[in-house]
Structure formats: C-alpha cells, structure tokens
Amino acid sequence: MTDQRPNIIFIITDQQRFDTIHAAGYDFMETPHLDRLHREGIVFNNCFITAASCAPARASLFTGHYPHTTGILKNADTWKHGWIENLQEGGYQTVNIGKMHSWPYTTPLGFDQRYVVENKDRYLEGRYFYDEWDKALRARGLVKQQRELYRQLPDYRESLGAFDWLLDEDMHPDMFVGNMAVDWIRNYPVSEPLFLEIGFPGPHPPYDPIPRYAESYLKKDLNIAPVLESDLAHQPDPLKAMRIHNHEVDHDSVVHLLEPTEEQRHRQRAYYLANVTMIDEKVGEIMTALEEKGLLDNSIVIFSSDHGDCLTDHGHSQKWTMYDVITRVPMIIWAPGRFGEPRAIDGLVQQMDLGPTLMEIADIPIPEPMAARSLLPLLESGPEAASCLRDVVFAEQAKDGILTTSKFMTMVRTQDWKLVHFLDEPWGQLFDLTADPLEVNNLWDASEHAEKKKELLSVLREWRIRDSYENSDLWEEYR
C-alpha cells in the first residue's frame, strides 16, 4: 500500500456511561483492554455528546453539526449523509461493521461495505428489518431473545430490563459484532487507508449479558448513587411525566420502576456493566487482529459511545435527560508515538469535533461550513491547542415517543454550571456543578442564582443565533 495515511479504527458502543472504565478511576470495572487504550492514549475526561438519544447524537457526530441544524431530532428521522463520504471520496476504504443507526438502516452513508447490526430489541422503527445478526440467528435455527419473549417471564415487570443471555454465546449481538470485525480484519484485503467503524449494540438494553460475565459484578459494591426525594420533587414536569411514561411503556424491554429496591438497582447495574466487560474482551481481540494483520502500527484507534444511561440514577430510565451520566461519554484517541506522551485532557470538547479532526489527520479538506472544530492542534500540543477547547458545550433533545410532553430541550454546560431549557415552558434545571457534582439540587427557582440563570439563557440565545448564521450556507447547493 503506497498511501501512508493512517488507518482509522472507530469503535463506538451504544449507551455506555463515562464511569465504566477501570483505568478512569472506577475500580469496580473489569476492562483490561479499554484500560490499555486509556493508559496509552489521549483521554478526554470531559467529552460531551450533542443529543440525548441515539440517532440525533450519531448524526451530529458524523456530520459535525448540531441536531437543530441536521434536522435529525429523533430516531428514524432520515439520515443519509455525513463526513464518511468525504473520507471515501478522499481515497479511504470505508467499512461499517455493526451499529450506525442511520435511517434507512442500509443507506450507503459513504461506506464501501456495510454489515449492519442494529438495536437488539427493535419494536418501533425497523421492527421487521433483518440485519446481519438476525440472519445469523436464523441460519442457526435460533429465535432471538426479544420483547415478546421477555414479556412472558413471570418477573418481567420487576427485572428493570436485566435478563440472562441463554442462547449460544457467540450469538450474543456484541459477541457477534466483535467476531465479525475480527474476521473482516483477518480476511479482507486492505488496499487503501482504512476507515473501519465498529458499532457495538451494547450495553444498550435489554441488559442481557452472558451470565458468567455478571457473576463478579453481582458480588461487588458498584457505587450506585441514591435517588433523593428532593431531587425527584424539583425535577421539571416533562421529566416527571417521562418517569411515569417509562413505567407504563416497556421501551427496549425495560419496565422502569418508580421505587425500585436496592437489590433491583444493583442487579440491573451489574448486568449492564457485565455487558461492558464483554465488549472490552472483543476490543482486545480487535486490537490483536489489527496487530497480526500489520495494520496497528499505522492506525489511530478511537473509542467512544453515543450517550450514557441513567440506570435509575435521578429516578430515570435510559437516556432522554441532560444529566452528565447521559451527556458525558468516554472518548479515547489511541495512536502511540503520533501525538506525544499519553495524557488526559480535562477541558470541554464536543464529541462531534472528531469529524474535522479525523479529516485533518487524513489530509482531506474539511467541508465548510461546519460547527465542529478540529482537535488536531490539541492532540499535537500546538500553539492553537487552547482554542480547540470549549467554554460551553450544548446538547439537544426533541419531543419523541419517550419525551412526550415537551417540544424541545436544550442543555448549556460550562465547567462549573449547567442549565437545561424547555421550549415554551416556565420550568427548567440549573445546577452548580462545583457544589453539586451529582446534579441533585435544582436551582432554577432559587432567587440567589437568578443572575446565573439569566447569563446561561443568554449564552443559549447567542449560540443558537450564531450557529444559524455561521451555517446558513450549509444547504446552498439545494436552494
């Protein structure tokens, strides 16, 4: 291969919290392979997604624009384009193995090859879509574990979405995606620089690990924060309504409980974390396969997730809120020797900044306009490094089938403060993150913090105006 631009291996999980890597300071975790990436890579300790659900967050990541610009505000909104097309046009061999959550699921999206594996428990969009995993299960004569079958369990409504995987181990979707990625790396010729996206469906629910991976977690203290009555009482009405909705409707096989026992919360958390360990094992196998194929020395490996999961923290199920357990995600860029010594970066970044970063590394022109900004000067510790960091990060979430009583929610977050605004509504959230890092004391109605609320609302207003203005030429060729 004469083109010596680096291979880009992008491993992205679905719904993985930032507090799920042992090397990041969470001693209850069993993640030796992610720990290696963490020790040897550039770690972003304050990386924030731009949307509180899957497709909007991923579309923002792979376009470099906020959801209000892409128009992709909820799952199953049409998403067909992004900067992977720029990599493809620039000479990269582009391959997707696993989850992307584009819509339609099989849209090319700039990939030369797609091996699509989507949500484990599809029930709304794509319910009858047969992905690569469905085909493999069918070929083996297996019936997928799914909502209709879980509902038949006598303890279904008490399980918080946590179930044992009882089919063949290699047919678990995360095992399947990991194995398919390893097989592709070992057997497929790479003739151009490679962009390989590996999308694990987990640890998104159902929380269904192979039982042996959960055994040790079930015996551990998992540092689960208590749910405070004062926290619940001062949440905005749309979040209170969503708690009820998620109790009444079993999204992704999770029946949310308004007052779960500590045992129920612990079991759910143990199963979720066991799924992370399963993925970690496959990450190790992927790294080994890249090394055996001779690709690793000239590769950049990125690990991240599309958003987190409340796991009953703050009394909530899954995502659709703006707490840090949702909006803050792990992000590691691993390329020993390319960007100097391993280190952690504590400044704020938006996850979508990966797009222009990778295009600049790949020597591909960054399309303009783009709201995301390249992190390459920061990676290279150049004179413009400080300008890569953000004083404020933002996230958005529109009304959908889960957030049913609010039109649009926006998060404005600095290092020290967070404000959550609800369109056309009087309520909101305001947190002093220095005094209240767990975000349990809502100061929205506190008179002594009225100026801070006014300041952050002004930041939100100016950002929306500026972003609209600076990206006004985005659709120029379609006018």
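Out of Gly91, Gly126, one residue alone is open to solvent by 10 Å² or more (accessible area, probe 1.4 Å), of a type outside the set (Val, Ile, Thr), more than 26 Å from Met411 (Cα to Cα) and at pLDDT below 95. It is Gly126.
For the stretch 270-286, the tally of residues that are over 13 Å from Ser216 (Cβ atoms) and of a type in the set (Gly, Ala, Ser) stands at 1. Can you tell me which residue among Ala59, Ala76, Ala23 is closer than 30 Å to Thr404 by Cβ, small (Gly, Ala, Ser), open to solvent by 10 Å² or more (accessible area, probe 1.4 Å) and not in a strand (DSSP E or B)? None of the others qualify; the one that does is Ala76. The condition (being open to solvent by less than 20 Å² (accessible area, probe 1.4 Å) and either within 27 Å of the chain's Cα centre (by Cα) or not hydrophobic (A, V, I, L, M, F, W, C) (or both)) is satisfied by just one residue among Phe431, Phe408: Phe431. For the stretch 339-351, state whether one or more residues are closer than 30 Å to Tyr123 by Cβ and either modelled with pLDDT under 95 or open to solvent by less than 20 Å² (accessible area, probe 1.4 Å) (or both). Checked against the condition, which is being closer than 30 Å to Tyr123 by Cβ and either modelled with pLDDT under 95 or open to solvent by less than 20 Å² (accessible area, probe 1.4 Å) (or both), the stretch 339-351 yields at least one hit. Restricted to the stretch 376-437, the set of strands (runs of 3 or more DSSP E) holding at least 3 residues that are farther than 30 Å from Ile364 by Cβ comprises 408-413, 417-422, 428-432.
Considering His38, His33, the condition of being in a helix (DSSP H, G or I), open to solvent by 20 Å² or more (accessible area, probe 1.4 Å), at pLDDT 95 or above and under 23 Å from Ile224 (Cβ atoms) is satisfied by His38 alone. Look at the stretch 355-367: where a residue is within 20 Å of Thr50 (Cα to Cα) and open to solvent by less than 20 Å² (accessible area, probe 1.4 Å) and a partner is of a type in the set (A, V, I, L, M, F, W, C) and assigned to a helix (DSSP H, G or I), sitting 6+ places away or on another chain with Cβ atoms under 8 Å, you get Gly355/Leu61; Thr357/Leu376; Thr357/Leu379; Leu358/Leu87; Met359/Leu87. Evaluated against (1) in a loop (DSSP other than H, G, I, E, B); (2) under 13 Å from the mean Cα position of the chain (by Cα), Ser317 falls short on exactly one condition, (2).
Here the condition is being in a helix (DSSP H, G or I), open to solvent by 30 Å² or more (accessible area, probe 1.4 Å), at pLDDT 95 or above and over 24 Å from Thr410 (Cα atoms); of Glu259, Glu285, it holds for Glu285 alone.
The values are calculated or read from the model by the stated rules, or taken from the named source; none is laboratory data. Since the model is a prediction, treat every value here as computed from it, not as a measurement. Using ideal geometry, Cβ is built from the backbone for each residue, glycine included, and neighbour counts are taken over all protein chains shown. Ligands, DNA and RNA are excluded from the accessible area calculation, which covers all protein heavy atoms including side chains. Shrake-Rupley method; radii C 1.70, N 1.55, O 1.52, S 1.80 Å.
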